[in-house]
Amino acid sequence: MQLSVVLPVRNEEGILQEACDAFAAEFDRVVGHGAWQFVLVENGSSDTSPDIIYRICQALPDTINLTLPNPDYGNALREGLLAAEGVWSMILNVDHLWDAPFFEWCWRHRDEYDLILGSKRADPTINRQDSYRRILSAGLNGLLNYQFDFMGADSHGMKVMKTEPLREIARQCVMRRGQFDTELTIRAMRSGLWVAEAPIPYEEKRKPRNLMVKKISQNVIDLFRLRRVLQAVPYEGHFRYRRVCREDLTMPSELAESWPLRARSAG
C-alpha cells in the first residue's frame, strides 16, 4: 500500500459520501487504483455517519474503519496514523477544500521530505477565511511562534508524511483534541526530520460547530499544557524546514524539474 488517507469522522452525514467520492477519484488519478486506502476514524457520531462509512467500506475493501467511543479529533488522528498501512500517510478532514496542485506536488516530492504541511496562512491571497477567523488563526500561530520557536505559518490541516517516522512520533504525543497535530508537527521539527510547508486555498464547507470563545479558551489552556510537555523535548541536530510558494505548486512538472538549474544559472 502506497498511501493511507486518515479522515476523522464525527457527525458528517451531510458531506461524508460526496467528499469521499471526490477524494477517491483524485487518489485513483494521482496514486493509482488499489495503491491507496482510507482510514476512517469515527469518533462519537450521533447521526448516520457510521452507516455511510459501512457503504464506503463495501465499495472500497481496503478501507480501514476504526470506531472510538468519545469525540476527540486529536485522538482520532493518532489512532488513524497508528493503523495506517501505507508507506506514506495523509491527514485530511472531510470538510477540506481539495487542492490538486498541493497533492500532486506532495506526491512528486514525497521522497524529499518527511512531513509536508498544507498551510492556509502561508499565502494570504488564497485564504478565504473571514477577517474574524484570520485574526484568531494569526493569534494562535503567534503563540506557537513565541512559546515554541515555531517557524511555520500553520500547524493544523492537510499533511502528507512518511508513515514510519511520524508514526513513532505520534506514539510519543501526549496532547489530544485540537493540539495533537500541533504537537506532532513541533516534535517532527525538533527531531531533525525534513519539514516543508506549502500554501493551500482555504474555504469552509460548513459552519464551525463549536463556539469560538470556548474553542479559543480550550486552545490557550492546551497550549500551556503543551509547553510543559515539550520542555523535555530538545532539538536533535539541525532544524530542517523549507517553505515553498504557490507558484512552485502550480507550474508544470517539466518546468519545475528544471527550475533550480535555471535559477542558479540566472544568478
Open item on the list: Can you compute the FRET efficiency between Q231 and Q172 using 1/(1 + (r/R0)^6), with r the Cβ-Cβ distance and R0 = 22 Å? Round to the nearest 0.05.
Closed with: 0.95
TODO: Could you list which residues have their amide H under 5 Å from that of F38, counting only those 5 or more apart in sequence or on another chain, with H placed in the peptide plane?
DONE: V5, T63, I64
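To make sure I understand, if each residue's beta carbon is the centre and we count other beta carbons within 10 Å, what order do H33, H96 fall in, fewest to most? Show your work: numbers first, answer last.
On the way: H33 9, H96 20.
Placing the least packed residue first, the sequence is H33, H96.
What does the charge count near E13 come to, summing +1 for each Lys or Arg and -1 for each Asp or Glu among other residues with Cβ under 10 Å from its Cβ? Don't jump to the answer; show the numbers that get you there.
Details: positive: none; negative: E12, D47, D51.
Overall, the nearby charge balance is -3.
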Task: Vicinal HN-Hα couplings computed from phi for the range 20-37 (Karplus, 6.51 cos²θ - 1.76 cosθ + 1.60; Hz; Gly/Pro x) - done: 5, 4, 5, 4, 4, 4, 5, 5, 4, 5, 8, 8, x, 4, x, 9, 9, 8
Task: Scattering curve values for the range 1-135, log₁₀ I(q)/I(0), Debye with Cα scatterers, q = 0.15 Å⁻¹ - done: -0.77
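Take the Cβ-Cβ distance between V220 and N70 as r, set R0 to 30 Å, and report the resulting FRET efficiency rounded to the nearest 0.05.
On the way: r = 22 Å, r/R0 = 0.74.
About 0.85, to the nearest 0.05.
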Open item on the list: I want to check the label-to-label distance for T125 and E104. Put each point 7 Å from Cα in the C-beta direction and report it in nm to one decimal.
Closed with: 1.9
- [ ] Please give the calculated 222 nm ellipticity per residue for the chain, where each DSSP H segment of at least 4 residues contributes -39500 (n - 2.57) and the sum is spread over every residue; nearest 500 deg cm²/dmol?
- [x] -14500 deg cm²/dmol
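Dividing the alpha-carbon Rg of the chain by 2.2 N^0.38 Å yields what? Before the final figure, lay out each step's value.
Working: Rg = 18.2 Å, N = 267, 2.2 N^0.38 = 18.4 Å.
Working it through for the chain, the quotient is 0.99.
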Task: For the range 238-249, 3J(HN,Hα) per residue [Karplus equation, 6.51 cos²θ - 1.76 cosθ + 1.60, θ = phi - 60°, Hz, x = Gly/Pro] - done: 6, 7, 10, 9, 9, 10, 10, 9, 4, 4, 4, 7
- [ ] Starting from the Cα of Q2, step 7 Å along the direction of its Cβ; do the same at A59; then give the gap between the two resulting points in nm.
- [x] 2.1
- [ ] With θ set to phi - 60°, apply the Karplus curve 6.51 cos²θ - 1.76 cosθ + 1.60 along the range 10-18 and write out the HN-Hα couplings as whole Hz, x wherever there is a Gly or Pro.
- [x] 8, 6, 10, 4, x, 10, 5, 4, 4
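A short reminder: the numbers here are calculations on the coordinates, not readings from a lab. All values derive from a computational prediction rather than experimental measurement. Glycine also receives a Cβ, built like all others from the backbone with ideal geometry; neighbour counts cover every protein chain displayed.
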